[in-house]
Structures are given as C-alpha cells and as structure tokens.
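To start, the structure under review is shown below, and the notes come after it.
None of the figures in this text is laboratory data; all of them are computed from the coordinates on show. Keep in mind that what you see is a predicted model, and the values were worked out from it rather than measured. Virtual Cβ from ideal backbone geometry, glycine too; neighbours counted across all protein chains shown.
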Amino acid sequence: MTRNVNEPIDALVVYRRGAPHPLLHAFRWRDERYKVSETFFVHRERNGENTYLCYSVGSGRGRYELRLDTGLGRWMLEAVDAARC
Amino acid sequence: MDAYFASIEQQADPKLRGKPIGVTGRPTEQSIVVAFSREAKRFDVWTGMPVWEARKVCRSLIFVPGHPERYVETTKRFLGILKRYTPKIEVFSTDEVFMDLTAEVERYGDPITLARRIKARFREELGPCITSTIGIASSKTFAKLIAKRHKPDGIGILFDHEMLLLLKTTPVSEVCGIGPRIEKHLHRMGVRNLADLGEMPIDLLKREFGVYGLFLKGIGLGIDSSPVVPYSEVPAPKSVGHSRSLPPHLRTYSLALHVLRDLCDKVGRRMRKLGYVGRTVHCGFRLGPTGPHFGRQTTLDTPTDDDERIYRACLDILSAIPQRPKIVNNVSVSVTQLVPYRESPISLFDNDQRKEKLNRAVDHIRDQYGDKSIRVGTSLLYQAIPRHVSGFVLDQMTGEDVRGGNSGEDDDPI
C-alpha cells in the first residue's frame, strides 16, 4: 500500500557525465539512512516554470517515490510503499 | 512497444510485475481501461473496455491510474535511442514508429542483428519490463503486420520470397487500415484474404472505395509504396480541433457552452503554437447519449487564430439549433482551411492588433507558468479536469513531442 509522505529529505546523488539524470545512491529520512538498491523509473514533470525529476526507487523491501525540484535542488520524499514485492 | 502504458507502470512499480493490471483514467466504474498488461491480455479483454466489464472478465485485475508524464518521458527516451540509428523515423503513435534502415543495415551485418541491438539498448536504458516488438519488411504495412504476429518482445522478418504465401494466408482484417466496415464490404465482394484482394480489378476497387481502392490493390499485390515520413518533415496540419465527452454534471446547455469556450481557447492556443490561422469553423453538439448530432460550419471573412472569434463563430452556428437542447453529451470544435500565420494578411485595425498582442502575451505566460496559470473566467464555472485524468499531459504536448498519440478519453485533439 502506497502512503503519501511529502517530506523534505537529504539525498546523496552522483552527477555522471552523459547520464540523463542524477543517479540517486542514498537518502536520509527521519534520521534514517536508506541505500538505494535499484532505480525502477525516472521521469520528468513540469508544473508551470518548475521542473521536477520523479524517482521510483527500491531500498530494502520498500519502494520509495522521490522528487527533485531541479530549480531549487530540493529533494522530497513523496510516497512510501513498505512492501514492494 | 508491447502493452506500453501497462509495462511502464510495471517498470515503475515492481509490485505490479507479473500481475494482470489495467491502466485507467479515473478509478470509477464509468472509466475505461486504456491499456492491459501482458498477463491481463490472457483474458478476454480489449483496449477501451469499461472498468466494470474488465472487472467482470478478470477478477484479479489490478487497476492502476495512468501517469501520462511517465509515458511521455519513455516515448522521448525510446525515440532518442532510435535517433542514434537513423534520422528517418516516422512517429506513428505514442508507442509505434516506422524506421527506414535501408542505408544503415549493412553497417550492422543484417537486419536481425540490428533489431537485436536496438532491443538490447531499450532493455538497458528503459528497463527490463518495457519490451518492444520489431517487424522487418520492405514496406510499412507489412512491417506492422509482421510485428503484430511476433508480439510480445519479438523480432519478425518478412523476406520477399515469403510474400506470396503471406498474401494467401492473411485475412484482410489483419492489415492496419482495414477496419470492420471495409472488411465487411470486402467480404460482400468475396474477398477474404490479401491474395483475393490482389486479384480484384483495380477499377472495381476504385469504384467501391475511391482512391483508397488503389492502396487496397497495392496491399493485395504485396506493394505499399508509402515512404517513411521523418518526424522532421511531417506535412502541414489540415485542421485543428478539440472535442470533449461531458461528464453527467456538465450536460446542460449552459455548462456545455462554458466547455465550448474552453475548447475554443485550446484550439486558438494550439493554432498559434503551430503558427497557423484558419477560416472555417466547425462546431458540433451531440444531443443526448444516443441522440442526434448537431454540427455545422461557417466561414469567416478573414482567417483567425483568436479563440474569442472562434467561440463567437460557434455561437452563431449554435443559434441555428431550433430549440435549446436539454442534454448535451459531447462538444466539439475545429478550424479548417488553415494557412501559415506568416502568409496571412496583417489586420490594419487597432483592436485586432491589440487582441493579437494580448493572445501572444497570454501564450507567453502559459509557456512559462503552465496552461492553467491564466484562463478565461468562465472555465472556473465548471469543475476543471483533474490532473490524474489520463491525457492531461499528453494533451498539452506539442506535435513535435508525440504525433498521432491518443490523448485519452477527454478533450481529444481532433
């Protein structure tokens, strides 16, 4: 079951040359560190002049939906799916 | 691409993998399923099936709301991959393209090797769930036919020496462009398969189907000479239009007029974006769910891309309805007789020039802050289309991004 969170988070990313988007390695949410084991999907969304990169990633047994505001460089954890499989 | 929208959802959410899923617009019984996953296709389902019916056919079906942004992104990405191989790519729909690889194939050895390479790139860059089927033939129609036969995740090739057998064994309905009505017509003429079609006298086919008879004759002989039209050379549009099937709470005449105003706004904006102005305005109302369709057109003195003028022309048309209808189920508006804006005369009247400047300013604001940032006041009088409705994003894409894609059940571009 997907649960909406919408909380700001810290993210550890790598900007690899030639990659279509920053590669998300880990993030910190509520003082806990989550290592990204797999990136399932990344897509771009626009809302007016703001552009976001939306990530669907796996960490442990959970699936997480994150959003990067590309203008502000701010990361948000949008939703959590505790049991992804 | 195979089960496109559904496979993208499965790629984004591993929980959905290996399960029968249906991608819908709104999670209501009145909604329709726009795509089924491979697992769901084992049941007796079809694209466009109402949710209630799909639920009955497949009890374990998981309904997933569509994410048009994801589909748009994936289309851009797979087109980006294909552009590495050739610029001769014709975008047929959101998930289908034709490529002319005649000149490139030699570099890769043979067509199958090249097809395998493209599929490997897809797998690597799009993800393992988003699969494709590649049909290889000497023409578009037969490439599509072969691809259909090798779905999902396959590669099919039609060699020239196999054509005769294919024509003899392929029912006419299998060909893209021969729908149920043409199929019935052909059956009445005694045509069952493509070889029968090839034996039909060309004059007879022309008499029965007009110029389309020439295409049918060609297909019957295994010939389709239509070239791959690269996306950069897409022919000029002949019309720009929008239609909307109204939800129950908007089916009164006065609310339908507000919707019409909004559609005119969209038509005007699209015309300005494309750089065209048009003279003939067509407006249509479907009166009642199975009721008559009222549709007329009017030709303006000078071409326009101004939504206000288009709306006024529609009101003139609607004034011809003898009695104000109680129920309106569908609203449509389109503008034809298009000419490029730069070839149209500039109005010398101040008011027209001011209106034109205003439209450009509004477009500029929308480009920067989104389509809903500035809008006609009447559009606030009825509930706006929620963001999750499938087609919301596709509807806002320019023709350059995706051509020929279906924008979903509401606000269909015509």
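The table that follows gives values for the structure above.
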item: Estimated [θ] at 222 nm from DSSP helical runs (n ≥ 4, -39500 (n - 2.57)) normalised by residues in chain B, nearest 500; result: -11000 deg cm²/dmol
item: Peptide B:6-16 - average C-beta neighbours from other chains (10 Å radius); result: 4
item: Derived scalar couplings ³J(HN,Hα) [the stretch B:199-208; Karplus, 6.51 cos²θ - 1.76 cosθ + 1.60; whole Hz; x for Gly, Pro]; result: 7, 5, x, 4, 4, 5, 5, 5, 5, 7
item: Chain B: relative contact order in percent, alpha carbon pairs under 8 Å with at least 6 residues between; result: 16 percent
item: Positive minus negative residues near residue B:38 (Lys, Arg vs Asp, Glu; Cβ under 13 Å); result: +1
item: Anchor residue B:355: aspartates and glutamates whose Cα lies under 14 Å away (excluding residues fewer than 8 positions away in-chain); result: B:265, B:305, B:306, B:307, B:308, B:363
item: Cut-off under 5 Å, modelled amide H: who pairs with residue A:74 long-range; result: A:69
item: Degrees separating the helix B:68-83 axis from the principal Cα axis of chain B, which is the longest one; result: 50 degrees
item: Computed over the stretch B:133-235: relative contact order in percent, which uses C-alpha pairs under 8 Å that are six or more apart; result: 24 percent
item: Relative contact order (%) - criterion: Cα under 8 Å, at least six apart; region: the stretch A:2-81; result: 29 percent
item: In nm, spacing of pseudo-spin labels at residue B:341 and residue B:207 (7 Å Cα→C-beta vector); result: 5.0 nm
item: Of A:35/B:19; B:140/B:217; B:83/B:273; B:119/B:140; B:266/B:357, pairs whose Cα-Cα distance is over 21 Å; result: A:35/B:19; B:83/B:273
item: Spatial separation of Cα centroids for the stretch B:1-54 and the stretch B:311-358, in angstrom; result: 39 Å
item: Highest-MSF residue in chain B out of B:154, B:288, B:190 [GNM, Cα springs under 10 Å]; result: B:190
item: Within a Gaussian network of chain B (alpha carbon springs, distance under 10 Å), most fluctuating of B:61, B:257, B:221; result: B:221
item: Low-density loop cleavage sites - trypsin sites (Lys or Arg not before Pro) in the stretch B:84-181, where at most 16 other Cβ are within 10 Å (DSSP); result: B:84
item: Potential lengthening between residue B:81 and residue B:234 on full extension [0.36 nm per residue; Cα-Cα distance subtracted]; result: 53.1 nm
item: Those Cys residues of chain B for which no other cysteine Cβ falls under 4.7 Å; result: B:58, B:129, B:176, B:264
item: Note, ³J(HN,Hα) from phi for the stretch B:324-337, Karplus 6.51, -1.76, 1.60, rounded to Hz, x at Gly and Pro; result: 4, x, 7, 10, 10, 9, 8, 10, 9, 8, 8, 10, 10, 6
item: Residue of B:262, B:203, B:305 that the Gaussian network model of chain B assigns the largest fluctuation, springs spanning Cα pairs under 10 Å; result: B:203
item: Neighbouring partner chain Cβ atoms per residue of A:37-46, average, 10 Å criterion; result: 6
item: J(HN,Hα) series, the stretch B:103-112, from Karplus relation 6.51 cos²θ - 1.76 cosθ + 1.60, nearest Hz, glycine and proline x; result: 6, 8, 4, 4, 4, 9, x, 8, x, 5
item: Residue B:135 long-range amide H proximity, modeled H, under 5 Å; result: B:147, B:156
